[in-house]
Amino acid sequence: MPTSLIIADLHLVANEVEKTNIFIKFCQEQAIKVDQLFVLGDLFNTWLGDDLSLPKYQVVISTLKQLSKSTTIFVMSGNRDFLLAEDFEQVSGVKIINSPYLLENDNKQYVLTHGDELCTDDESYQQLKNVLQHPITKFVFLHLPKKWRLKLSGQLRKKSIESQQYKTREIMDVNPQTVNKLMEKYPGADLIHGHTHRANTHVEKTFTRYVLGDWSNTQGDAIKVGEKLSHLKIN
């Protein structure tokens, strides 16, 4: 039976050595032992296009490339790194996948998603996401000078942090009706997602929802799927 490790929300920063080292150790000691590694979004804290961001993450890229020789790596973009593209895919040896993704493991299925699309109570976020991730917006942004992209990214990040200060935890969490609507399309499957940074297991009437936690400078979070599902802490 194939085994898979699933992670999300590492938010790696180029000069953040501690967290990067935890990820490298995870790849070299744990991910290398499984058949598949899934990253469900926000592997990077910021990705301003392959041309601008690839040179900043050479250590991470080389680690992924080495791991890809033994483990198939699937990467889903998140709300922070939705500009990951073909050049990243080619040099790192990963395969970029869309959300939702259906993971079939023996007789069990799991719906994998980043999770932000389930937070529909946060209407201002969803509206901004629709604008920023529209193909035309992405095309225009990627053709701006690099210094403009850096400046715009900083401004957007600042506004995002400010807006979150006035939002309740409930608004920034998943909407139960939205979750149920998604899972109606996948009868018998369970759901695994990240984004909310609220590691937990929610047992619903017809499925179980597993939430991945984010990574810090001292610890990571992962779910392992094999003969059974288990939640792991990565040190």
Practice item. May I ask you to derive the FRET efficiency for GLU184 and ASN105 from their Cβ-Cβ distance with R0 = 25 Å, giving the value to the nearest 0.05? Key: 0.75
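Sorting ARG169, ARG198, ARG209, ARG157 on the 10 Å Cβ count, fewest up front, what's the list? Could the numbers behind the result be given before it?
Details: ARG169 8, ARG198 16, ARG209 20, ARG157 13.
Least crowded to most crowded, the residues run ARG169, ARG157, ARG198, ARG209.
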Review point. Mean separation of Cα pairs under 8 Å and 6+ residues apart, divided by the residue count of the stretch 1-107: what relative contact order is that in percent?
Key: 30
Exercise for review: Restricting things to alpha carbons, find the Rg to Rh ratio for the stretch 165-235 using the Kirkwood radius for Rh.
Suggested key: 1.00
Review point. Which net charge results when you count Lys and Arg as +1 and Asp and Glu as -1 among the other residues whose beta-carbon is under 10 Å from that of LEU5?
Key: +1
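Based on the Cα coordinates of the chain, what is the per residue volume of their convex hull in Å³? Kindly include the intermediate steps, with their values, before the conclusion.
Numbers: hull volume 28.7 nm³, N = 235.
Per residue, the Cα convex hull of the chain comes to 122 Å³.
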Check your understanding: Once the other residues with Cβ under 13 Å from the Cβ of PHE82 are scored (Lys, Arg +1; Asp, Glu -1), what is the net sum?
Key -> -2
Review point. Could you state the number of Å between the C-alpha centres of the stretch 59-80 and the stretch 126-154?
Key: 24
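Over the stretch 54-114, calculate the relative contact order: mean separation of alpha carbon pairs under 8 Å at least 6 apart, over the residue count, as a percent.
31
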Check your understanding: Between LEU232 and GLN127, what FRET efficiency follows from the Cβ-Cβ distance if R0 is 45 Å, with the result rounded to 0.05?
Key -> 0.80
Review point. Given a Förster distance of 30 angstrom, what is the FRET efficiency for PHE141 paired with LYS65, based on the Cβ-Cβ distance and rounded to 0.05?
Key: 0.65
Check your understanding: For labels at GLU170 and GLU204 in the simple 7 Å Cα→Cβ model, what's the distance in nm?
Key -> 1.9
Practice item. Whole Å is fine, so just give me how far the alpha carbon centre of the stretch 93-120 lies from that of the stretch 180-195. Key: 9
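Quick note: the coordinates plus some simple rules give every number you see, no bench work behind them. Small disclaimer: the values here were computed from a predicted structure and weren't measured. Glycine gets a Cβ as well: all are built from the backbone with ideal geometry, and neighbour counts include every protein chain shown.
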